[in-house]
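Structure first, then comments.
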Ligand SMILES: [Fe+2]
């Protein structure tokens, strides 16, 4: 059995990081169409990634008190904060995209900075900790849960299958 349960999540992070680069350019160019596409990605695709983390990975990790008290609480707080920032950005665009240009750029950059940091923490702290801590049985349950949710993009799905084959 493939024991690396966080591989698909890291692969999805790579997709998100690419979107963030695109988002940064769109903000500089005041390209509202692309900005709206990215918001759409956050709301409709990234949510699948968040669900996998919150409903399965975090749920299993919560049983370990020291992980629940530190990293999980912190990551859940950050997921909440991210949603608030995206909804702030949406409101700015909806109310007056021309008048709010500076604020849109500021909030967009805040989201980019925030998510790059958040992804770094998950990839470099939480995921290695999860791989080390979780039992095979727990990983199996998480894997079944992940499969029931699906992935945020075809590319992530492909990368995950390749990883499974090579491990
Ligand atoms: Fe994540």
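All of the numbers you see were taken from the coordinates with simple rules; none came from a lab. For clarity, every value in this text was computed on a predicted model and none was experimentally measured. All Cβ positions, even for glycine, are placed from backbone atoms using ideal geometry, and neighbour counts span all protein chains on display.
Seen from every direction in turn and averaged, the convex hull around the alpha carbons of the chain projects onto 9.6 nm². A simple spin-label model places pseudo-atoms 7 Å from Cα toward Cβ; at residue 141 and residue 18 they are separated by 3.4 nm. For the pair residue 80 and residue 106, the difference between a 0.36 nm per residue extended length and the Cα-Cα distance amounts to 7.5 nm.
Peptides 74-85, 4-15 ordered by packing proxy, namely the average of other Cβ atoms within 10 Å per residue, highest first: 4-15, 74-85. Annotation: extensible slack from residue 120 through residue 40 equals 26.5 nm (criterion: 0.36 nm per residue apart, minus Cα-Cα distance).
Ranked by the mean number of other Cβ atoms within 10 Å of their residues, highest first, the peptides 115-124, 97-106 fall in the order 115-124, 97-106.
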